Each structure stands twice: as structure tokens, then as C-alpha cells.
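As C-alpha cells, the structure follows; a few thoughts come after it.
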Amino acid sequence: MLKKTKKYSEAELITQFGLKRVLGSDSPLMQEWLNSSVSLNIGEQYLFDIIWTDAVNQIDAWQEEDLKMQFIAFVLKLGHLTPHENYQPYFERTVSATVENCFLKVKTDFMLAKGVLDMPQQPFFHLQEYKCQTDPNGSPIAQVLEAMLIAQALNQNAKPIYGAYVIGKFWNFMILKEKSYFISKSYDCTEKEELLQIISILRKFTEILETNLLD
């Protein structure tokens, strides 16, 4: 028999799993992640200028696939969320696990995980939504949070899970540590300095991954 899955709201996940939402500014983990800087080489700067200009001029008109293919894919590349000998990116993969006797299943838009070929096994980072506005049938925060809970169950360790969600031009970053989760302020990718900070945060994650999260 197929297991039926429920689409949870953020409030329902808090209630179901005893979670606590904490200001990102109160989290040393979040501050370590966000307080980073980046320097682009000539080629990276050229690509950065192109995608930033495109975002400023077109992002309000982009549909979901436009946003993914014309912008987010390049931000991930500039953020160094690329294949590595110890992890690799996965797009539109479904992950599932039983968490505290509750079966959870969600499709993630982007995931960085340890895996074998096309099979992710140990997720470290989830990015969700790619939409120009919120979906009345789902919450980007809830979807990332659900994916993070699944990752906790799959990884079977006490290490934090990282993630982000994108709504149009706004990016927010998330961390789940045990029963507490933290959400950053919103970063506007049409502001040049904030787009550079988004890229810096993504690059900082790969540093955190390689030094603190890999077994």
C-alpha cells in the first residue's frame, strides 16, 4: 500500500515535532555562516555582472523555470555548489524518512548531498521553491524544514542541516540544529552588494561542509 503524505505548514511541523523557531541573529552557527566575504576573479565578475543585470531588468517577469535556468543555476555555480569528490548537487529529488513515527516525503528543488551516482544518501543542504511568489498550497519555509527533518533522520548524527529558500528576488537562509531552527534576514538579489553576499554565504557553506559536516 502506498503511503499517503501530508503537506505540512510551518506551524504544523512546529507542533508535530516540538520545534522552536529562533531569530537568526541569536544563532552563533548562523552568524558564522552569514559573516563571510568573497572575491570574484575576472571571469566570475563578468558572469556576475550579466546575471545581476538580467535580474534587475527581468526578474519580476520571470516564471519559475526562467528564474531557475537564467539566474539561480548561475548563482549556485558562482557559490561553488558544484560536484566534489565527497558530495554533489542533485536537482528535483524526492527524499523521505520516518521521523518520530511520522512518515515525511518531499521533493527538493536542489540538494547538496553525499551519494552514489544519481542516488543521494546523506543530505547537507536543501534549496527550495524558485517561485516569484508564495504558493497558496505550500510554504517554502515548511518545505525546507521538512527536508531538513528528513535529512536529520537519514544522517543519524547531531550535526546541523543547512538550507535556503527563494521567493522571487528574495533569498533566506536556514539552519536546523536538533529541535531549533534559524532563519536569516532576506537578501535582495537585485541589489548588487546583496547578491555578492548571497554568493559569499553559499561559498562559506562549502567551507563549513568540508570542515565540520563530512564524516
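Summary value for the chain: 26 percent relative contact order, contacts being C-alpha pairs under 8 angstrom separated by 6+ residues.
As a rough footprinting exposure proxy, the listed residues Ile51, Ile150 were ranked by other beta carbons within 10 Å of their own, and the order from fewest upward is Ile51, Ile150.
Take the Cα of Asn86, step 7 Å toward its Cβ, do the same at Tyr46, and the gap between the two points is 3.2 nm.
Sorted ascending by nearby beta carbons within 10 Å, beginning with the fewest, Ser27, Ser37 become Ser37, Ser27. Other residues lying with their Cβ under 13 Å from the Cβ of Leu19 contribute a combined charge of -1, Lys and Arg counting +1, Asp and Glu -1. Quote the FRET efficiency, to the nearest 0.05, computed for Glu193 versus Asn157 with a Förster distance R0 of 45 Å and r equal to the Cβ-Cβ distance. Given R0 = 45 Å and the Cβ-Cβ separation, E is 0.80. Placing unit charges on each Cβ (+1 for Lys and Arg, -1 for Asp and Glu) gives the stretch 20-213 a dipole about its Cα centre, and among Asn101, His84, Phe170 the Cα reaching farthest toward its positive end belongs to Asn101. Annotation: amide H of Ala164 within the under-5 Å range of His126, Leu127, Gln128, Met174, sequence separation 5 or more or interchain, hydrogens built in the peptide plane. Restriction of the GluC sites (Glu not before Pro) in the stretch 97-194 to DSSP coil positions whose beta-carbon has at most 13 other beta-carbons within 10 angstrom yields Glu100, Glu178. Selection among Ser180, Met148, His126 by position relative to the dipole of the stretch 64-215 gives Ser180 as farthest towards the positive end (Cβ unit charges, Cα centre).
The HN-Hα couplings worked out from phi for the stretch 9-21 by the Karplus form 6.51 cos²θ - 1.76 cosθ + 1.60 (θ = phi - 60°) are 8, 4, 4, 5, 5, 4, 5, 5, 10, x, 7, 10, 8 Hz, whole numbers, x standing for Gly and Pro. When both the stretch 193-209 and the stretch 37-100 are represented by their alpha-carbon centers, they are found 11 Å apart. For the pair Ser180 and Thr98, a Förster radius of 25 Å applied to the C-beta separation gives a FRET efficiency near 0.70, rounded to the nearest 0.05.
As a proxy for reagent exposure, Tyr90, Tyr46 were ordered by neighbouring Cβ count within 10 angstrom, fewest first; the result is Tyr46, Tyr90. With springs only between Cα atoms under 10 Å, which of Trp62, Trp171, Trp33 fluctuates most in a Gaussian network model of the chain? Highest fluctuation of the listed residues: Trp62. So what is the diffusion coefficient of the chain in µm² per second by Stokes-Einstein at 4 °C and 1.567 mPa s, using a Kirkwood Rh over Cα pairs? For the chosen part, D equals 74 µm²/s.
Every read-out reported here was derived from the displayed coordinates using simple, explicitly stated rules and does not represent laboratory data. Everything numeric in this text was worked out from a predicted model, so none of it was measured. Using ideal geometry, Cβ is built from the backbone for each residue, glycine included, and neighbour counts are taken over all protein chains shown.
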